[in-house]
Amino acid sequence: MMKNLKEKLLPLSLTAFIILADQCVKALIVKLKPETGFIKDVFDNGFLRIYHVRNKAIAFSLGENLPEVIKPIAFVVVPILVLGFLLWYFFKSDEFTRIQRWAAAGIIGGGMGNIIDRIFRPDGVVDFIDIKFFTAIFKSGRWPTFNIADSSVVVCCILLFITIFFGGKKTEEEKTNE
C-alpha cells in the first residue's frame, strides 16, 4: 500500500515542476516586456522567437467571442472540474502504467499553469513561444503562440493516448510490484 502511494505521489513532482517553471517564465516575460509584442533582445532565430501575447480564450483563441458571462465557466470552472476528475482518477485507479501516471501528472501541471493565469491575470494567459510553421493552415506561417503549460498538456496528452491505444496495459512486473 505505501509503495503504491509513493508511486502515485512521485509523478506529482512533475506537476509541481511544470507549474513552477510555467509561472516563473511567464513572470519573467511580463517583467521583460509588460506590454504585448516582440521581445527583440531575448531570442529570435527566424524559426523560434519570444513574442509576448495574451490569450483570453483557450487553445488557438477558441471561445474568444463567447459572451463574457460564459467565459469564467468555460475557461476556469470546466477545466478545474476536468483536472479535479483526472486527479481523483489518478489516485483512485490502479490501471495507469508508470508512464501514463507521469503523462497524467504533466497534463495536470500544464492545466493548472493556465488556470492560474486565467484566475490571476485579468489580461489573459501569457503566451510567448512563437514558432515558424510551414503550412497553409495559418496565414502568418507561424504556429499560434503558446507557453510551457500548453506544451506540457499537448505532449503529455499525446503520450497518454499513445500508451492507452498501443499497449497501455500494466506489465506483469508492474502488477507484481504493487
Given (1) at pLDDT below 90; (2) on the phi < 0 side of the Ramachandran plot; (3) of a type outside the set (Phe, Trp, Tyr), index of the condition Gly63 fails: (2)
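Residues are listed down the side, and each one gets a yes or a no for (1) within 12 Å of Asn147 (Cα to Cα); (2) crowded, with 16+ Cβ neighbours inside 10 Å:
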residue	(1), (2)
Phe17	no, no
Asp22	yes, yes
Leu28	no, no
Lys31	no, no
Gly37	no, no
Ala59	yes, no
Leu62	no, no
Glu68	no, no
Could you name every one of the helices (runs of 4 or more DSSP H) located completely within segment 84-178 that has at least 1 residues being at pLDDT 95 or above? 98-120, 148-165
Is at least one residue of segment 52-69 farther than 23 Å from Phe133 by Cβ, assigned to a helix (DSSP H, G or I) and either under 13 Å from the mean Cα position of the chain (by Cα) or of a type in the set (Gly, Ala, Ser) (or both)? no
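The values are calculated or read from the model by the stated rules, or taken from the named source; none is laboratory data. Note that the coordinates shown come from a computational prediction; the quantities given were computed from them, not determined experimentally. Please note: Cβ atoms are built from the backbone with ideal geometry, for glycine as well, and neighbour counts cover all protein chains shown.
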